1. Near the amide H of E77, under 5 Å away, which other amide H atoms are found, from residues 5 or more places off or on another chain, if H is placed in the peptide plane?
2. Pop a pseudo-label 7 angstrom from the Cα along the beta-carbon direction at both N92 and N68 and give the gap in nm to one decimal.
3. Per-residue HN-Hα couplings for the stretch 141-149, Karplus 6.51 cos²θ - 1.76 cosθ + 1.60 at θ = phi - 60°, whole Hz, x for Gly and Pro?
4. Which order, highest average first, do 119-125, 76-82 follow once you tally other Cβ atoms within 10 Å for each residue and take the mean per peptide?
5. For a 26 Å ceiling on Cα separation, which of these pairs sit above it: K41/K66; K82/K124; K57/K151?
Amino acid sequence: MGRDTFLFLCFFLKKVGKIKKNDSIFNYFIQIRQSGIRVKKAKYLNSVIVATTMSKKDDSIVRICKKNSTNYFRGSEKDVLKRITDCATQFNSNIIVYLTADNFLIDPLIIDWMIKKYLILNSKFVTNSGFLKVSSNQIPLGMHVSVFDYKNLSLINKKFLNKEFREHPT
């Protein structure tokens, strides 16, 4: 496709009901491993990076990344927009393909389809999240992908200071 593409998997603990500490670590292991296997099958990605937090509770994620030779980045826990921007800066990326930890069984064909749409439309941002009705089953839950360019991400990171937007940037 000619341009660099990049993937970020953002992993951070979310409290969902009563989860035992050991269960959440096991779930992370399964998610990272499954994500890495599935996501690496996408044809148009140059790199896969797990962008996690500096929190001690995410040390196990980093250990799993190291064990599986997966790139990782550690950044702000609450400011996800800054974490993504800092990660893209460190890894010199000009296009970001953004997935969240909720989408760990993503279909690599959907990732490639979204990257192609981004490039064909010569867009600054494309997403399949939030514009389709869940009830129509056009895009199943867990298959959400956003693709955007670094230049605009960096600009947004500098200008938007609203805490809510920075925690959920896409």
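1. For E77, the qualifying residues are M54.
2. 2.7 nm
3. Listing the rounded values in order: 4, x, 10, 7, 9, 10, 10, 8, 9 Hz.
4. Working: 119-125: 12.0, 76-82: 16.9.
So the order, starting with the most tightly packed, is 76-82, 119-125.
5. Numbers: K41/K66 20 Å; K82/K124 18 Å; K57/K151 31 Å.
Long pairs (Cα-Cα over 26 Å): K57/K151.
Any read-out appearing in this document is the output of simple, stated calculations on the displayed coordinates, not a laboratory observation. The model shown is predicted, which means the values in this text are computed figures rather than measured ones. Cβ atoms come from the backbone with ideal geometry, glycine included; neighbour counts cover every protein chain shown.
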